[in-house]
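In what follows, a single structure is set out as structure tokens and then discussed.
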């Protein structure tokens, strides 16, 4: 868009109704909360649905699960690109919410079970709708959060932390309610409840549109009206996106191709971002993109280790942790909610802390916060290894150490994930905002893929399906805990070393951000 075609300046948002933040943040908070309710509610049931209803083996179910989660983090690149170039973030979120609602409701079509009925194709289609819908919603709703504030507003990190609290509030409620109803009442009821949650999120977003004050609208409204055959260009893009649903329908059934797709797309995406930065951006914006890429690569390591929670750590909790609490034998899967609950409790504390330190001129830089997050991540693994060693390798580890590892990992996550979301938005020029945010989520896909490789090194697949009981004190238990302890000790120290490195070089990364020359949108336009 040329200077003469610049869109009119958007009105400044001055209200502080929502905990010192604009009402628009409340809209995005509750819309994303319900979206995460549906996503994590479905995710809590998915592995059980695959193995107990569709009768996949544990190995097959794990591969499908991994391919699905990777694709969920890849598609934000597509949704982010289309939002940046054509439809805008608001319409992208709307379209994604519609696809997600359909996908979650299709999940409720369970049929008689087994893989020999036509119902399984509806299941594949449901996953595909959720994958593409997440691609349009995940990156773009985060971008709109940043658009509510000037780029130099000290409330931005706090806003993303509050937004992140909404994500995890929905995640905790969805995992508990949808998971319990799905397993105890029926699969269709659990998935149906997840679909209702997504529908509520869509309604909140539609009703709250005026409170966004024009944020996230199309950068090329006239282009969307151009005719492409029998439809305008906007509907042509939606049709292509539906075609992407069927591509994902095919990929999710051919999981071995997803790993290759991840590598090829990752290299292409980084090359595109670097090439665009070198060719199209002025020096300071180019440096900011390089700083953003540095943080993105750091996040891959973080998620590769953090995401042990759903795989090797979950299996360890089931096999070798004393889960008897006040006379109740708590199921291992229940401990998956601890992370989300901790975030709900501690996110406001961190949000307040960053704002307070920012006003005092003492707030750590984004790179230093990443370093603090990685150090706590590594410390969590070492604390768990210490607890297992004290109990005796092969004996049941006291449950307090599971609470401690999740506490340290959650505090580390709060130092990295919401801060990373804020940094991606702050460091990105408007024409690359959603692509950079999509790249951030793509790093999560790479991290999830690497997490599976690390989990395999723990020997967690030595028991078929990971569901058989391991006898404490047996040679099998001793060998298993020895392997896990060795792997966790290694990755714990790697994380701490990486964290220290991030803190040491943080001044250089901060220099690349050129925060002293960062301008708000209206200043840049002038």
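Some points to look at:
- Residues in the stretch 411-430 that are touching a helix residue (DSSP H, G or I) at 6+ places or on another chain (Cβ under 6 Å) and surrounded by fewer than 23 Cβ atoms within 10 Å (Cβ to Cβ): 2 in all.
- In this entry, residue 351 is excluded by the filter for residues that are touching a helix residue (DSSP H, G or I) at 6+ places or on another chain (Cβ under 9 Å), surrounded by 17 or more Cβ atoms within 10 Å (Cβ to Cβ) and without any contact (Cβ under 8 Å) to a residue 60 or more places away in the chain.
- A single entry from 114, 80 fulfils the requirement of being in the same structural domain as residue 64 (by TED's automatic domain parsing) and surrounded by fewer than 24 Cβ atoms within 10 Å (Cβ to Cβ): 114.
- Residue 299 buried (at least 21 other Cβ atoms within 10 Å of the Cβ) and within 24 Å of residue 390 (Cβ to Cβ): no
- Selection count where residues are in contact with a helix residue (DSSP H, G or I) (Cβ under 8 Å, 6 or more places away or on another chain), touching a residue at least 40 places away in the same chain (Cβ under 8 Å) and surrounded by fewer than 23 Cβ atoms within 10 Å (Cβ to Cβ), scope the stretch 175-188: 4
- For the stretch 317-363, the candidate set comprises residues that are touching a strand residue (DSSP E or B) at 6+ places or on another chain (Cβ under 8 Å) and not in a strand (DSSP E or B); within that set, the residue that is modelled with the lowest pLDDT is 332.
Residue-wise test of (1) surrounded by 22 or more Cβ atoms within 10 Å (Cβ to Cβ); (2) assigned by TED's automatic domain parsing to the domain that holds residue 234; (3) farther than 17 Å from residue 124 by Cα; (4) touching a residue at least 12 places away in the same chain (Cβ under 8 Å).
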| residue | (1), (2), (3), (4) |
| --- | --- |
| 48 | no, yes, no, yes |
| 63 | no, yes, no, yes |
| 72 | yes, yes, no, yes |
| 76 | yes, yes, yes, yes |
| 84 | yes, yes, yes, yes |
| 91 | no, yes, yes, yes |
| 106 | no, yes, no, yes |
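The values are calculated or read from the model by the stated rules, or taken from the named source; none is laboratory data. In this text, all values refer to a predicted model and were calculated from it rather than measured experimentally. Reconstructed Cβ throughout: ideal geometry from the backbone, glycine too, with neighbour counts over all protein chains shown.
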